[in-house]
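First the structure, in the form of structure tokens, and then the observations on it.
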Amino acid sequence: MKKIVSVLCVFSLLFSLTTVFAVSEEEKEYTSEGGYFYLNGFGETIYTGPDGSKFEYYLNEDKNTVSLYYMTTPSGNVTVPSSINGVTVTFIGGNDGNTSKLVSLELPDTVEVLDEKAFFKCMYLTEVKLPESIRRIEKWVFHGCARLQVLEIRHDPEYIGEWIINKAARIRCYRGSKVDAYCQESGFTVEYIE
């Protein structure tokens, strides 16, 4: 009898949690980009793009820019929006493996900072090209991405943290650039852009 009561309690708890996180049409606010956003049960704003990709985001103090944190996608292909509801996306925060199912990634030229562990353990990414708008690449951004073969950086960011990729991957950059010097110091394999 105790087991039956315990099982019923667990099921009722799970059911109540799923109903808390269900989003009704009234709670969704649609954007001009074709997606919608809503507040989840934790007070975080979630943006769902037209392709079904979901991004947790925060409005920055300046009220003119947005920071993205958690990303999921049904297809594995993510195109990060340049803006959400008219507010520019400039920062991608640490995900601690929450983006692990990404297969491809396209970043807009509005992003300036890739925070620590932004795409940590994205097991299926094979190649990424960073836009020239990125000023800071913090440590471990693409570390743990076991299938990543190439990270292309065609400009010299102001800062590059340690271990941004695994040793098995290579960085594609210009010969003699700051990125080239970083690779030489860090022991990363370089492929030069001609």
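Throughout, read-outs are computed from the coordinates displayed, never taken from laboratory work. The shown structure was predicted, so the numbers you read here are calculated from the model rather than taken from an experiment. Virtual Cβ from ideal backbone geometry, glycine too; neighbours counted across all protein chains shown.
Results, tabulated for the structure shown:
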item	result
Ile193/Asp62 FRET efficiency (R0 45 Å; Cβ-Cβ; nearest 0.05)	0.85
J(HN,Hα) series, region 55-66, from Karplus relation 6.51 cos²θ - 1.76 cosθ + 1.60, nearest Hz, glycine and proline x	10, 8, 9, 10, 6, 6, 4, 6, 6, 10, 9, 10
Lys167-Ala146 pseudo-label distance in nm [points 7 Å out on the Cα-to-Cβ vector]	1.8
Computed lengthening from Val87 to Ser186, 0.36 nm per intervening residue step minus Cα-Cα distance	32.0 nm
Lys129-Thr79 pseudo-label distance in nm [points 7 Å out on the Cα-to-Cβ vector]	1.4
Additional length obtainable on full extension of the chain from Asp109 to Tyr30, 0.36 nm per residue less Cα span	26.1 nm
